[in-house]
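What follows is one structure encoded as structure tokens, with my remarks underneath.
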Amino acid sequence: MSVEENTAAAAGSWTLGDRTVHRMGFGSMRLTVDPDRARAIRVLRRAVELGVNHIDTAAFYVSPGGPLGVGTGSPRYATDLIREALAPYPDDLVITTKVGPSFDAATRHRELTPAELRREVQENLRRLGRDHLDVVNLRIVRRPGRDSVAQRFAALADLRDAGLIRHLGLSNVRVDHLDEVRDIAPVVCVQNAYALDTNRWADELLRVCGERGIAFVPFFAIAGQGREAGAGDEHQDDAVRAVADAHGVSTHQIRLAWTLHQGPHVLAIPGTGDPEHLAQNVAAGALRLTARELARLG
């Protein structure tokens, strides 16, 4: 594998509004539960060295307190780790963050009001040490039936007009949510849980995003139902194993490659606190699957 193939550039690029990013990015959520803070910092810096210029985060990505969420240590915020590791930020680095539901224990999954959304944006700005945010996704608590996002999205659009946000996206949504905000402000990305064998109802959403020039950014793409934090090869099916063996790579790398093969507008944001896994994830962007392999994976 060439030097280029070992960097995020091998996955190709996509443009989020006016910012061009490599399609292989990095998700920061898991860094908050790594007991080794120094290693988390190294992983972030190594990701940038490997060409990653799209990092996903949120001010609510925080450990409950102490290593692995236990004990009496201080909470660990992913945004704080990013700032410590990477500020002053490279000019080409795009940091995408999210606001939307409450993650307070007493009000978990309550939708934030427009005023609360503004405070969340300010919290992200403060923790990242930025005067503006590159991309902010409105993350919703999706419910059956008509659940409007227009008022909250409009509140973020006002912050965009004020210069605090550069671009807007949506997370955990359906096609009708995209339709609802179409006349409020441009949507540059949609971030939903999606994997080879998980949430395939979103195939239609993925297709619509491609038609409208919107990036589709799956999270939990590696392990599907098992989630990225804990699933190992024992959770992979025979087809994934067979394709992985044919390429001499891991099943997780095949899952990432499959994700990127779903369209040029699809971006990957696998997360890890392990430097070796990081390198494997980035290298997966160079894998090219045949039509027969893609059909076998389904």
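Please state which one of R119, R142, R166 is surrounded by fewer than 22 Cβ atoms within 10 Å (Cβ to Cβ), outside any loop (DSSP other than H, G, I, E, B) and out of contact with any strand residue (DSSP E or B) (no Cβ under 7 Å at 6 or more places or on another chain).
Exactly one residue qualifies, and that residue is R119.
In the set T259, T272, which member is among the β-branched types (V, I, T), within 19 Å of P218 (Cβ to Cβ) and part of a loop (DSSP other than H, G, I, E, B)?
Checking each option against the conditions leaves just T272.
Taking the residues in segment 32-91 that are of a type in the set (S, T, Y), within 15 Å of the chain's Cα centre (by Cα) and assigned to a loop (DSSP other than H, G, I, E, B) as candidates, determine which candidate is modelled with the lowest pLDDT.
Result: Y61.
Within segment 18-31, how many residues are in a strand (DSSP E or B) and under 15 Å from the mean Cα position of the chain (by Cα)?
Going through segment 18-31, the residues in a strand (DSSP E or B) turn out to be 19-22, 24, 26-27.
Cutting the leftovers down to under 15 Å from the mean Cα position of the chain (by Cα) gives us 21-22, 24, 26-27.
The qualifying residues number 5.
Does segment 189-202 contain any residue that is among the aliphatic types (A, V, I, L, M), under 21 Å from R19 (Cα atoms) and at pLDDT 95 or above?
yes
Return the residues of segment 88-97 that are over 14 Å from A47 (Cα atoms) and loosely packed, with under 14 Cβ neighbours inside 10 Å; say none if nothing qualifies.
Restricting attention to segment 88-97, the residues satisfying the condition of being over 14 Å from A47 (Cα atoms) are 88, 91, 96-97.
Once the filter is applied, which keeps residues that are over 14 Å from A47 (Cα atoms) and loosely packed, with under 14 Cβ neighbours inside 10 Å, segment 88-97 yields P88, D91.
If H132 satisfies all but one of (1) over 14 Å from V99 (Cα atoms); (2) touching a Leu at 6+ places or on another chain (Cβ under 9 Å); (3) modelled with pLDDT under 95; (4) not hydroxyl-bearing (S, T, Y), what's the number of the condition it fails?
Among (1) over 14 Å from V99 (Cα atoms); (2) touching a Leu at 6+ places or on another chain (Cβ under 9 Å); (3) modelled with pLDDT under 95; (4) not hydroxyl-bearing (S, T, Y), H132 violates only (3).
Residues that are closer than 21 Å to N172 by Cα, of a type in the set (S, T, N, Q), at pLDDT below 95 and over 18 Å from the mean Cα position of the chain (by Cα): does segment 107-121 have at least one?
Checked segment 107-121: at least one residue is closer than 21 Å to N172 by Cα, of a type in the set (S, T, N, Q), at pLDDT below 95 and over 18 Å from the mean Cα position of the chain (by Cα).
The values are calculated or read from the model by the stated rules, or taken from the named source; none is laboratory data. Only a predicted model underlies this, so the values are computations on that prediction, with no experimental measurement involved. Don't worry about glycine lacking a Cβ; one is built from the backbone with ideal geometry, like all the others, and counts go over all protein chains shown.
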